Amino acid sequence: KQEVTQIPAALSVPEGENLVLNCSFTDSAIYNLQWFRQDPGKGLTSLLLIQSSQREQTSGRLNASLDKSSGRSTLYIAASQPGDSATYLCAVRLSTSYGGATNKLIFGTGTLLAVQP
Amino acid sequence: DGGITQSPKYLFRKEGQNVTLSCEQNLNHDAMYWYRQDPGQGLRLIYYSQIVNDFQKGDIAEGYSVSREKKESFPLTVTSAQKNPTAFYLCASSQRNEQYFGPGTRLTVT
């Protein structure tokens, strides 16, 4: 059974610091991995999508990496800002036995990030 | 303005009443989903639909029902059979295996 873990559960950093959020998954048979941001009481905003064949994706100050064989992904945030404060969730999409995509996304419980001004 | 809308943002109901949560999308996505989010837990899949007039149970479908009569709409009914209905409910749709979410509805049942 696929399990997704995010460590740490909470993180507080001073403004301007670079930081890394971690996501690990137990079954490497994934189709893709998606990083989301969630502000309090709001829906999820997609940040980055990495296909299983890719090693990383970048968007602005964000860089996500994927190491399928070790079951790990990281989200790197450069030059953090108070506006980056939110909960960050990763989710893996399972693949079928023939390598296609299933409809199933398995979510981690998130990392609550606070960037102090 | 393309996106997913959920209404209402907050919903209060008495125990024993059924309640329907609305989800509409104008993204022309075929697949739509309902998730439930509880504090300290990841999102859990309730139901999903890959195409109009078809839907499948997710991991926690008991006490819920859905319909998909139109591509744009995927309403979720929380029935009185759902033992712990108070939660944050999120609707999503997907295109090319990338998922997009609505703003959510917080349901409180007392």
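The single residue among A:95, A:65 that is in contact with a Phe, Trp or Tyr (Cβ under 8 Å, 6 or more places away or on another chain), away from every other protein chain (no Cβ under 14 Å) and farther than 16 Å from residue B:43 by Cβ turns out to be A:65. What tally of residues in segment A:102-114 results from selecting those that are in contact (Cβ under 8 Å) with a residue 60 or more places away in the chain, in a strand (DSSP E or B) and under 19 Å from residue B:46 (Cα atoms)? Residues flagged as in contact (Cβ under 8 Å) with a residue 60 or more places away in the chain, in a strand (DSSP E or B) and under 19 Å from residue B:46 (Cα atoms) within segment A:102-114 amount to 4. Residues in segment B:1-54 that are within 9 Å of chain A (Cβ to nearest Cβ), assigned to a loop (DSSP other than H, G, I, E, B) and surrounded by 14 or more Cβ atoms within 10 Å (Cβ to Cβ): B:42, B:43.
This table checks each residue for (1) at pLDDT below 95; (2) within 28 Å of residue A:51 (Cα to Cα).
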| residue | (1), (2) |
| --- | --- |
| B:7 | yes, no |
| B:47 | no, yes |
| B:70 | no, no |
| B:75 | no, no |
| B:88 | no, no |
| B:92 | no, yes |
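All conditions but one from (1) touching a residue at least 24 places away in the same chain (Cβ under 8 Å); (2) exposed (fewer than 15 other Cβ atoms within 10 Å of the Cβ); (3) under 26 Å from residue A:31 (Cβ atoms) apply to residue B:71; the one that does not is (2).
Screening segment B:10-40 for residues that are within 17 Å of the chain's Cα centre (by Cα) and among the charged types (D, E, K, R) and picking the one that is farthest from residue A:10 (Cα to Cα) gives B:30.
Residues of segment B:58-103 being within 14 Å of residue B:44 (Cβ to Cβ) and small (Gly, Ala, Ser), which ones? Hits for segment B:58-103 are B:58, B:61, B:63, B:87, B:92. Any residue in segment B:79-93 that is surrounded by fewer than 15 Cβ atoms within 10 Å (Cβ to Cβ), in a loop (DSSP other than H, G, I, E, B) and within 13 Å of chain A (Cβ to nearest Cβ)? No, that holds for no residue. Scanning segment A:6-41 for residues that are more than 14 Å from residue A:93 (Cα to Cα) and within 11 Å of another protein chain (Cβ to nearest Cβ), we see that the one that is surrounded by the fewest Cβ atoms within 10 Å (Cβ to Cβ) is A:40. Would you be able to say whether some residue in segment A:42-50 is part of a loop (DSSP other than H, G, I, E, B) and touching a residue at least 40 places away in the same chain (Cβ under 8 Å)? Within segment A:42-50 (the criterion being part of a loop (DSSP other than H, G, I, E, B) and touching a residue at least 40 places away in the same chain (Cβ under 8 Å)), the answer is no, since none of the residues qualifies.
The values are calculated or read from the model by the stated rules, or taken from the named source; none is laboratory data. Since the model is a prediction, treat every value here as computed from it, not as a measurement. Cβ coordinates were reconstructed from backbone atoms using ideal geometry, including for glycine residues, and neighbour counts include every protein chain displayed.
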